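Colleague: Take a look at the following structure, please.
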Amino acid sequence: MEIGKATAVACSNVPFIKYWGNRDNALRLPANSSLSMNLAGLVTKTTVAFDQHLERDEVVIDGEPAKGAARARVSTHMDLIRHQAGLRAAARVISHSNFPAGTGIASSASAFAALTVAACAAAGLHRTEAELSALARRGSGSACRSVPGGYTEWLMGQGNATSFARSLAPPAYWDLRDIVAVVSREHKAVGSSSGHSLAVSSPLHAARLLIIPALLTACKRALLARDLEAMGVIMEQDAVMMHAVMMTSRPPLYYWAPATLAIIHALQSWRADGLPVYFTIDAGPNVHLLCEADNAAEVRTRVQALPGVLDVLVSPPGGPAQLAEDHLF
Ligand code: DP6
């Protein structure tokens, strides 16, 4: 018998200043604060129903029963919420994303933000936005940035309760577009969670962390001034620094594909022609291109024509994670 059911929808997000490396892997306390934009076009919807008759959590992700580590990760997160709510019942969890998982489009961000909001509501647990964000962080670090809306900042904090994201500006503040050039739909060989623990093995990690506070301040200022050029330069520098950390870890992580670099080269020539567009890359080969809404059609047309680009996903800024009325089951 179902004893509590809720559905939530959450956006993915694209970080302008990245999260890479944890100072506490178990709690997912990040080595640095980060900053991102929610993506209205890339969303996950999740329904959670607690059921006294279930022996263990049943998890279905994109139509497939989750097994092994994926199921365990969801169940561990559910345990946290059960513990806070004083609940013992297992739950049925059905989740659907409208974009491919595991390819550097932050599927875990939207997934754990939606799961947290749905599971808390289904468990009757009332939490503030900051508390929901901190809770989502325990499932996947970047998920904490998908709880508040629009442009968000994840404060690294002092500990569990103070490491959460808050909104810096609503979606309507700046009509940017994130245009993802998909060059691979394959699941990445090394996921972010294992990648984070390798960060400390790179001699460049400490150097990146030293410069992050200055980059964050400048990036926030550029964002609030809606200055794409100032923000784009910082975003690109941090993305490449993060990948330099990845590539110099032991063992090294090479997420780029040949098409990744080809897109960067093309984008530099478009910029030289007067088209303002900037890139960032997460833990995968796909490239996020950031531009103002007025230039989105032109950027899309150009990127679609590049060899190796399989698909193009365009997103305006998205709102906060929210409860929805229409359940998935
Ligand atoms: C490269 O949030 O996916 O996208 O906490 O282990 O789930 P876990 O890691 P995750 O890491 C994201 C890393 C990144 C950069 C970013 O999103 O800031």
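Read-outs throughout are calculated quantities, based only on the coordinates presented, and are distinct from any laboratory measurement. All values reported here derive from a predicted model rather than from experimental measurement. Neighbour counts run over all protein chains shown; Cβ positions are idealised from the backbone, glycine included.
Colleague: Rounded, prolate or oblate, given the Cα gyration tensor of the range 161-291, with a/c below 1.5 counting as rounded?
Modeller: Values: a/c = 1.67, a/b = 1.17, b/c = 1.43.
Here the range 161-291 falls in the oblate category.
Colleague: Which whole-number percent is the relative contact order of the chain (Cα, under 8 Å, 6+ apart)? Mind dumping the intermediate values first?
Modeller: Details: 761 pairs, mean separation 85.3, N = 329.
Averaging sequence separation for qualifying contacts and normalising by length gives 26 percent for the chain.
Colleague: Which of these, L29, L115, L267, has the largest mean-square fluctuation under a Gaussian network model of the chain (Cα springs below 10 Å)?
Modeller: L267
Colleague: Helix-derived [θ] at 222 nm for the chain: sum -39500 (n - 2.57) over DSSP H runs of at least 4, divide by residue count, nearest 500? Show your work: numbers first, answer last.
Modeller: Working: 8 runs with 118 residues, N = 329.
Helices in the chain give a 222 nm mean residue ellipticity of -11500 deg cm²/dmol.
Colleague: Take the Cα atoms of the chain, build their convex hull, and give its volume per residue in Å³. Each step should come with its number before you reach the end.
Modeller: On the way: hull volume 40.6 nm³, N = 329.
Considering the Cα atoms of the chain, their hull volume per residue is 123 Å³.
Colleague: What's the longest uninterrupted piece of the chain once you rule out the GluC sites (Glu not before Pro) that are loop residues per DSSP with at most 16 other Cβ within 10 Å?
Modeller: Working: sites that count: E55, E186, E325.
Counting at most 16 other Cβ atoms within 10 Å as exposed, the longest clean stretch of the chain is 187-324.
Colleague: Using the count of nearby Cβ atoms within 10 Å as a rough guide to exposure, how do R56, R145, R221 rank from fewest to most? Display every interim value, and only then the final one.
Modeller: On the way: R56 9, R145 32, R221 13.
Least to most surrounded, the residues fall as R56, R221, R145.
Colleague: Compute the FRET efficiency between V312 and A72 as 1/(1 + (r/R0)^6), taking r as their Cβ-Cβ distance and R0 = 45 Å, and round to the nearest 0.05. If you can, show how the numbers build up before the last one.
Modeller: Details: r = 34 Å, r/R0 = 0.76.
Working from the Cβ atoms, E equals 0.85.
Colleague: Could you work out how far apart the two model spin labels at I211 and M1 are, taking each label as a point 7 Å from the Cα in the direction of the beta carbon, and quote it in nm?
Modeller: Going by the 7 Å Cα→Cβ label model, 6.2 nm.
Colleague: Compute a Gaussian network model of the chain, connecting alpha carbons closer than 10 Å, and tell me which residue from T152, T301, T280 fluctuates the most.
Modeller: For the chain, modelled as a Gaussian network with Cα springs under 10 Å, the answer is T301.
Colleague: Continuing with the same structure: To make sure I understand, if each residue's beta carbon is the centre and we count other beta carbons within 10 Å, what order do L39, L253, L223 fall in, fewest to most? Don't skip to the answer; put the middle values down first.
Modeller: Working: L39 27, L253 21, L223 24.
Result, fewest neighbours first: L253, L223, L39.
Colleague: Please report H205, H83 as a ranked list, fewest other C-beta atoms within 10 angstrom at the top and most at the bottom. Intermediate values should be presented prior to the final figure.
Modeller: Values: H205 23, H83 10.
Ranking H205, H83 by Cβ neighbours within 10 Å, fewest first, gives H83, H205.
Colleague: Mind telling me which of I61, I281, I211 comes out most flexible in a GNM of the chain, alpha-carbon contacts under 10 Å?
Modeller: I211
Colleague: A further question follows. So how far apart, in nm, are the two label points at L275 and R250 if each is 7 Å from Cα heading toward Cβ?
Modeller: Taking the simple label geometry, L275 and R250 are separated by 4.3 nm.
Colleague: Given K5/K188; K45/K220; K45/K188, which pairs have Cα atoms separated by over 28 Å?
Modeller: On the way: K5/K188 33 Å; K45/K220 30 Å; K45/K188 22 Å.
In this structure, K5/K188; K45/K220 exceed 28 Å between Cα atoms.
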